[in-house]
Amino acid sequence: MPTDACVFFYECVNCGRRLRPKPGDCCVFCSYADTQCPIKQMEAGETL
């Protein structure tokens, strides 16, 4: 995932819904993806 991957809004290509982060998450990747965004990965001490 690129280091600038944080996306606040994402329009789902399957259902057309506009997703936004859940409370406490910084972006849609942190809320819905299998892998959190690079900022959260670095905070957790994970290797990018």
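The values are calculated or read from the model by the stated rules, or taken from the named source; none is laboratory data. All values derive from a computational prediction rather than experimental measurement. Every residue, glycine as well, gets a Cβ built from its backbone with ideal geometry; the counts of neighbours run over all protein chains shown.
For the range 20-35, taking the residues that are surrounded by 10 or more Cβ atoms within 10 Å (Cβ to Cβ) and at pLDDT 90 or above, the one that is nearest to the chain's Cα centre (by Cα) is identified as Pro21.
Restricting to the range 19-48, name every residue that is under 12 Å from Cys6 (Cα atoms) and among the aliphatic types (A, V, I, L, M). Once the filter is applied, which keeps residues that are under 12 Å from Cys6 (Cα atoms) and among the aliphatic types (A, V, I, L, M), the range 19-48 yields Val28, Ala33, Ile39. Taking the criterion of being closer than 16 Å to Cys37 by Cβ and among the charged types (D, E, K, R), the residues of the range 10-24 that qualify are Arg20, Lys22.
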